[in-house]
Amino acid sequence: MQMVANGILERLVTGNGARPASSTESIGCALGAGAISASLYGPVELTAIHAQKLGVSSASAVGHLVRSHGLSSLWHGVAPTAAREAIYTAGYLGLAPVITAKLMMQQGWEQSFYAAAVIGSCIAGVVANVTSHPIDTAKTVVQADITGARYHITSDARSSGFLDWMFPFQARVDGHGATDRPWRANQYNQTSVY
């Protein structure tokens, strides 16, 4: 699915192949292809998580989820799935070929496709893994908690300090002249369910 979506997006961006895609376009199309694939991978992974959790078959897990939480519950956690798949797919369909091509442009590497491809794939794989793994962990926890009773991706991101880590320079001045992160404004007034 990701390769097909990537091909379609690249054809759209390049005018049906009228010109080669730039490095940025290749990575951007791969990001988009990964995000699109979440519409399928999200429900499949949610089903697998709940089949394991309930100790039932995949079909039984789907039936349980639909009966207990509605058809739309199958797409619970699709946003973090899209983020994870976008990053992962950008690595193997975008970044790896771009690095390979850049290496092959270096003097002495023109005929070294296999070496350049291995190096490019290793670099892209590490980058994609390191950046997508935290999102994958959050996605799995959110999907396992189908009711949202314990984990909610936006409030947990706020209270865990994740947003402070992601946006360290985003600050505001409150009415008293003190600076603070907007998402932490009510942090100490929240009650914890843990």
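Data table
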| quantity | calculated |
| --- | --- |
| Cβ-Cβ under 8 Å pairs, at least 6 apart or on other chains, segment 6-18 side over 21 Å from Tyr92 (Cα atoms), far side open to solvent by less than 50 Å² (accessible area, probe 1.4 Å) and part of a helix (DSSP H, G or I) | none |
| Selection status of Ala59, assigned to a helix (DSSP H, G or I), under 23 Å from Met1 (Cα atoms), modelled with pLDDT of 95 or more and open to solvent by 50 Å² or more (accessible area, probe 1.4 Å) | yes |
| Subset of segment 29-49 (residues that are touching a residue at least 12 places away in the same chain (Cβ under 8 Å) and among the β-branched types (Val, Ile, Thr)) | Ile36, Thr47, Ile49 |
| Enumeration of residues in segment 86-107 that are open to solvent by less than 60 Å² (accessible area, probe 1.4 Å) and not β-branched (Val, Ile, Thr) | Ala86, Ala90, Gly91, Leu93, Gly94, Leu95, Ala96, Ala101, Leu103, Met104 |
| Qualifying residue in segment 116-134 (condition: touching a residue at least 40 places away in the same chain (Cβ under 8 Å), open to solvent by 50 Å² or more (accessible area, probe 1.4 Å) and in contact with a helix residue (DSSP H, G or I) (Cβ under 6 Å, 6 or more places away or on another chain)) | yes |
| Where Leu65 falls short, out of the listed (1) hydrophobic (A, V, I, L, M, F, W, C); (2) in a helix (DSSP H, G or I); (3) surrounded by fewer than 14 Cβ atoms within 10 Å (Cβ to Cβ) | (3) |
| Verdict on Ala149 being open to solvent by 60 Å² or more (accessible area, probe 1.4 Å) and modelled with pLDDT under 95 | yes |
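Every residue, every condition in (1) surrounded by fewer than 19 Cβ atoms within 10 Å (Cβ to Cβ); (2) more than 23 Å from the chain's Cα centre (by Cα); (3) not in a helix (DSSP H, G or I); (4) not β-branched (Val, Ile, Thr), yes or no:
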| residue | (1), (2), (3), (4) |
| --- | --- |
| Ile8 | yes, no, no, no |
| Leu12 | yes, no, no, yes |
| Gly28 | yes, no, no, yes |
| Ala33 | no, no, no, yes |
| Ser39 | yes, no, no, yes |
| Arg84 | no, no, no, yes |
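The values are calculated or read from the model by the stated rules, or taken from the named source; none is laboratory data. Keep in mind the model is a prediction, meaning the values are calculated, not measured. Neighbour counts run over all protein chains shown; Cβ positions are idealised from the backbone, glycine included. These area figures cover heavy atoms from the full protein model, side chains too; ligands, DNA and RNA do not enter into them. Shrake-Rupley method; radii C 1.70, N 1.55, O 1.52, S 1.80 Å.
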